[in-house]
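Right, one structure below, let's go through it.
Read-outs throughout are calculated quantities, based only on the coordinates presented, and are distinct from any laboratory measurement. Source: prediction; values computed, not measured. Glycine also receives a Cβ, built like all others from the backbone with ideal geometry; neighbour counts cover every protein chain displayed.
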Amino acid sequence: MAKLELQNLTKAYSRDIVPVKTLNLTVEDNEFLTLVGPSGCGKSTILRLIAGLDQPTEGQVLIGNRDVSPLPPGDRNIAMVFQSYALYPHMTVGDNIASGLKMRHLPAGDIQKRVQEVSGLLGLDPLLDRKPAKLSGGQRQRVALARALVRNPDVFLLDEPLSNLDALLREQVRADLKQIFADQKSPIVYVTHDQTEAMTLSTKVAVLNQGHLQQLGHPHDIYKTPANRFVASFIGSPQMNLFTLSRTGNDVALGNFRIPLPRTAQSTAVVLGIRPEHLRLPREGDALVVSGDVFLVENLGMHDLVSLRVQGDPSLTLRALLPADATWGREDLKLALPPETIHWFDGETGQRFNP
């Protein structure tokens, strides 16, 4: 197997358009790296640079300690699954799966054996003689995956492969993907805008913004300890509550309530963050309790997403994920902020303050 390394990778289309800026990443064998970030952050450009569809302005792409930056896509031994599936409409499923192997002039017996192994793994045996026009979206996606898996590549690249599927099918195929790639030894780079895909599929997540790497780590670590305000606001659904507050001495005011700052907070302006799922109804002994007036309740099934204006400062809106088996009044709802779930960030740089 071969690890993937991106060293000082930069792509500039002009002085003002630089979608990838001095990126350094390593994806080891059997690692599943997901690139996430808003539109225009450089996710798909990075994938194209790895695949050889674009050339870097600076830096190198290494696969197995070999610099493949000057090589064309066909000489990199990578397999890519596209958002559009990119199946040949005039070919059967079996021929689509085998197309890459035939172009490499493998013996017919080897091709047939590999196609049978992969089609069995993905449940495509009954479909091998059909053409793409007679397949559902989920079946077409499986064919595209099979065409990638059959090649035994050094690196797998997947560019938003589930975005064309409906919500129920996306959930099913996502579970299938996790099982399929658990047995693959090659590095996997996956691009998505869907946080659920990133959190459930990955062993590592890279959060990008404006071409810069914001944070790299295990999904749980990025959720639990976001490195800066951008990561905190981007990762998590519903989005984290974030309040820019001015300090007075060693604490800040959230409405009528004062909250002590961590010792590491040195700036004049600080940002307090707390996720909606971490807010709860008060219990005896809770020290941090904020009151607010409810103005919106959104039913999400098991939970209600309750929005309230903080008493003492109606410009501050707090959102809490609360049990759906209660009725929320319009006035004076009290919510506890467990201290261990509060995140603090520098109001100027956006960087995280650790306790």
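Can you list residues whose amide H is under 5 Å from Ser69's amide H, if they're 5+ apart or on another chain and H is modeled 1.01 Å from N?
Sorted by chain and number, the residues that satisfy this are Val61.
Give me the one-decimal nm value for the distance between modelled label points at Gln60 and Asp29, 7 Å along each residue's Cα-to-Cβ direction.
Here the modelled spin labels are 2.1 nm apart.
Suppose every K and R has +1 on its Cβ and every D and E has -1 on its Cβ; what is the size of the dipole of the stretch 268-319 about the Cα centre, in Debye to the nearest 20?
Working: 5 positive and 7 negative charges, 21 e Å.
For this selection, approximately 100 debye.
Could you work out how far apart the two model spin labels at His212 and Ser136 are, taking each label as a point 7 Å from the Cα in the direction of the beta carbon, and quote it in nm?
It works out to 4.5 nm between the two label points.
Can you pick out the pairs among Lys204/Lys224; Lys102/Lys131; Lys11/Lys178; Lys178/Lys204; Lys3/Lys224 whose Cα atoms lie more than 20 Å from each other? List each step's numbers first, then the result.
Values: Lys204/Lys224 14 Å; Lys102/Lys131 18 Å; Lys11/Lys178 31 Å; Lys178/Lys204 14 Å; Lys3/Lys224 28 Å.
Checking Cα-Cα distances, Lys11/Lys178; Lys3/Lys224 exceed 20 Å.
Among Tyr85, Val294, Leu201, which residue has its Cα furthest toward the positive end of the charge dipole of the chain, with +1 on Lys/Arg Cβ and -1 on Asp/Glu Cβ?
The one lying farthest along the dipole's positive direction is Tyr85.
For the charge dipole of the chain, defined by +1 on Lys and Arg C-beta atoms and -1 on Asp and Glu C-beta atoms about the Cα centroid, which residue among Pro153, Leu272, Trp344 has the Cα displaced farthest towards the positive pole?
With unit charges placed on the Cβ atoms, the residue in question is Pro153.
Just how large is the dipole of the chain about the Cα centre, in debye to the nearest 20, putting +1 at every Lys and Arg Cβ and -1 at every Asp and Glu Cβ? List each step's numbers first, then the result.
Working: 37 positive and 38 negative charges, 139 e Å.
Dipole magnitude for the chain comes out near 660 debye.
Give the calculated FRET efficiency between Ser246 and Gln172 to the nearest 0.05, with a Förster radius of 45 Å applied to their Cβ-Cβ distance. If you can, show how the numbers build up before the last one.
Details: r = 49 Å, r/R0 = 1.09.
Calculated transfer efficiency: 0.40.
What is the calculated FRET efficiency for Arg104 to Ser237, with r their C-beta to C-beta distance and R₀ = 56 Å, to the nearest 0.05? Don't skip to the answer; put the middle values down first.
Values: r = 42 Å, r/R0 = 0.76.
For R0 = 56 Å, the calculated efficiency reads 0.85.
Report ³J(HN,Hα) in whole Hz for each residue of the stretch 88-102, in order, from the Karplus equation J = 6.51 cos²θ - 1.76 cosθ + 1.60 where θ = phi - 60°; Gly and Pro get x.
Those phi angles translate into 7, x, 8, 9, 6, 4, x, 5, 4, 5, 7, 4, x, 6, 5 Hz.
So how do Glu28, Glu340, Glu160, Glu348 line up by other beta-carbon neighbours within 10 Å, fewest first? Each step should come with its number before you reach the end.
Details: Glu28 14, Glu340 7, Glu160 19, Glu348 11.
So the ranking, lowest neighbour count to highest, is Glu340, Glu348, Glu28, Glu160.
List the pair-distance distribution P(r) of the chain, using every Cα-Cα distance, as the percent of pairs falling in each 20 Å bin from 0 up to the bin containing the longest distance, rounded to whole percents.
26, 46, 24, 4
Expressed as a whole number of Å, what is the distance separating the alpha-carbon centroids of the stretch 278-347 and the stretch 172-236?
28 Å
What does the charge dipole of the stretch 182-295 about its Cα centre add up to, to the nearest 20 debye, if the Cβ of each Lys and Arg holds +1 and the Cβ of each Asp and Glu holds -1? List each step's numbers first, then the result.
On the way: 10 positive and 9 negative charges, 70 e Å.
Computed charge dipole of the stretch 182-295: roughly 340 debye.
Fewest to most neighbouring Cβ within 10 Å: what's the order for Tyr13, Tyr223?
Working: Tyr13 11, Tyr223 18.
Ranking Tyr13, Tyr223 by Cβ neighbours within 10 Å, fewest first, gives Tyr13, Tyr223.
Of Asp194, Asp304, how do they rank once you tally other Cβ atoms within 10 Å and put the fewest first? Please list the in-between numbers first.
Details: Asp194 17, Asp304 21.
So the ranking, lowest neighbour count to highest, is Asp194, Asp304.
What are the radius of gyration and Dmax of the stretch 214-355, computed over its Cα atoms and given in Å?
15.0, 43
Set Lys and Arg Cβ to +1 and Asp and Glu Cβ to -1, take the dipole of the chain about its Cα centre, and tell me which of Ser99, Leu177, Leu53 lies farthest positive.
It is Ser99, whose Cα lies furthest towards the positive end.
Which of Gln141, Gln311, Gln60 moves most in a GNM of the chain, Cα contacts under 10 Å?
Highest fluctuation of the listed residues: Gln311.
For every other residue with a beta carbon closer than 15 angstrom to the beta carbon of Ala227, add +1 if it is Lys or Arg and -1 if Asp or Glu, then tell me the sum. Write out the running numbers ahead of the final one.
Numbers: positive: Lys204, Lys224, Arg229, Arg352; negative: Asp221, Asp346.
Spelling it out: positives minus negatives among the neighbours equals +2.
Express in nm, to one decimal, how much length is gained between Leu53 and Gln179 on full extension, taking 0.36 nm for each residue of separation and deducting their alpha carbon distance. Before the final figure, lay out each step's value.
Numbers: separation 126, 0.36 × 126 = 45.36 nm, distance 2.88 nm.
Between Leu53 and Gln179, full extension yields 42.5 nm more.
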